[in-house]
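K.L.:
I have a structure I would like to understand better, so I am pasting it below and will then ask my questions one at a time.
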Amino acid sequence: MKIIPRRLEGVFEIQLSPLSDHRGQFMRTYDESIFASYGIHRHWIQENQSVSVRKGTIRGLHFQYSPSSETKLVRVATGAVLDVFVDLRKDSPTFGEWDSIELSEDNRAMIYIPRGFAHGFCTLCDHCTVQYKVDRAFSPAEDGGIRWNDPLVAVKWPTETPILSEKDKNQPTLEMFISQNKGLDSV
């Protein structure tokens, strides 16, 4: 397992190292001591799975307001996605900036996204299964998001005609988020 800091502070790419033989593979997807050595060990309280059947499906960009903001550890079990994360930490020098990583069953990469980020992904093929751990329980009352195609954020998605939920089509813009005077806390 190799942990690599990303451009946005607090985000880490995790490269997994499978062991293979004639039977198949084995790989460790979490190691408390390794994560703790990078200061990113969390008490994961929930694990979620999202299945998307069609290429070009975008889910996001979602977050939880405080006090329910959550850290996520995201991986792809089947298929491939472009995973996107947007810094919404009110005191961050990279507020409003985004980064992305391709996660796939083939590259076996994971991404650690700390509290204070909006998160989403776009499927790069049919039949994708995304799994992610969170360190806080989901709170419908604290549910938030920003629009996937907000020109102020300007994410470069791999599709111009995504498959979207009604909720994701109608998320507020970053400007609306800012006007509410609500940045996200990172603690």
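K.L.:
Identify the single condition in (1) surrounded by 12 or more Cβ atoms within 10 Å (Cβ to Cβ); (2) touching a residue at least 60 places away in the same chain (Cβ under 8 Å) that Met1 does not satisfy, given that it satisfies every other one.
P.N.:
Met1 satisfies all of (1) surrounded by 12 or more Cβ atoms within 10 Å (Cβ to Cβ); (2) touching a residue at least 60 places away in the same chain (Cβ under 8 Å) except (2).
K.L.:
For the stretch 23-72, give me the residue count where each residue is more than 29 Å from Trp157 (Cβ to Cβ), open to solvent by 50 Å² or more (accessible area, probe 1.4 Å), outside any loop (DSSP other than H, G, I, E, B) and hydrophobic (A, V, I, L, M, F, W, C).
P.N.:
Residues meeting the conditions: 2.
K.L.:
Filter the stretch 144-187 for residues that are at pLDDT 95 or above and of a type in the set (Val, Ile, Thr); which is nearest to Ala118 (Cα to Cα)?
P.N.:
Ile146
K.L.:
Could you tell me which numbered condition Glu105 fails, if it satisfies all but one of (1) under 25 Å from Val53 (Cβ atoms); (2) in contact with a helix residue (DSSP H, G or I) (Cβ under 6 Å, 6 or more places away or on another chain); (3) among the charged types (D, E, K, R)?
P.N.:
With respect to (1) under 25 Å from Val53 (Cβ atoms); (2) in contact with a helix residue (DSSP H, G or I) (Cβ under 6 Å, 6 or more places away or on another chain); (3) among the charged types (D, E, K, R), Glu105 is out only on (2).
K.L.:
Quick one: is Phe177 out of contact with any strand residue (DSSP E or B) (no Cβ under 7 Å at 6 or more places or on another chain) and either closer than 15 Å to Phe85 by Cα or outside any loop (DSSP other than H, G, I, E, B) (or both)?
P.N.:
yes
K.L.:
Answer yes or no as to whether Phe63 is within 30 Å of Gln180 (Cα to Cα), in contact with a Gly (Cβ under 8 Å, 6 or more places away or on another chain) and aromatic (Phe, Trp, Tyr).
P.N.:
On the way: within 30 Å of Gln180 (Cα to Cα): yes; in contact with a Gly (Cβ under 8 Å, 6 or more places away or on another chain): yes; aromatic (Phe, Trp, Tyr): yes.
The answer is yes for Phe63.
K.L.:
Name the strands (runs of 3 or more DSSP E) wholly inside the stretch 73-171 in which the number of residues that are surrounded by fewer than 21 Cβ atoms within 10 Å (Cβ to Cβ) and in contact (Cβ under 8 Å) with a residue 12 or more places away in the chain is 2 or more.
P.N.:
Working: elements: 80-87, 98-104, 109-113, 117-123, 128-134, 143-145.
Where strands (runs of 3 or more DSSP E) fall fully within the stretch 73-171 and carry at least 2 residues being surrounded by fewer than 21 Cβ atoms within 10 Å (Cβ to Cβ) and in contact (Cβ under 8 Å) with a residue 12 or more places away in the chain, they are 80-87, 98-104, 128-134, 143-145.
The values are calculated or read from the model by the stated rules, or taken from the named source; none is laboratory data. Quick caveat, the model's predicted, so the values are computed rather than measured. In this analysis, Cβ positions are derived from the backbone assuming ideal geometry, glycine residues included, and neighbour counts consider all displayed protein chains. SASA here: full protein model, heavy atoms, side chains in, ligands and nucleic acids out. Shrake-Rupley method; radii C 1.70, N 1.55, O 1.52, S 1.80 Å.
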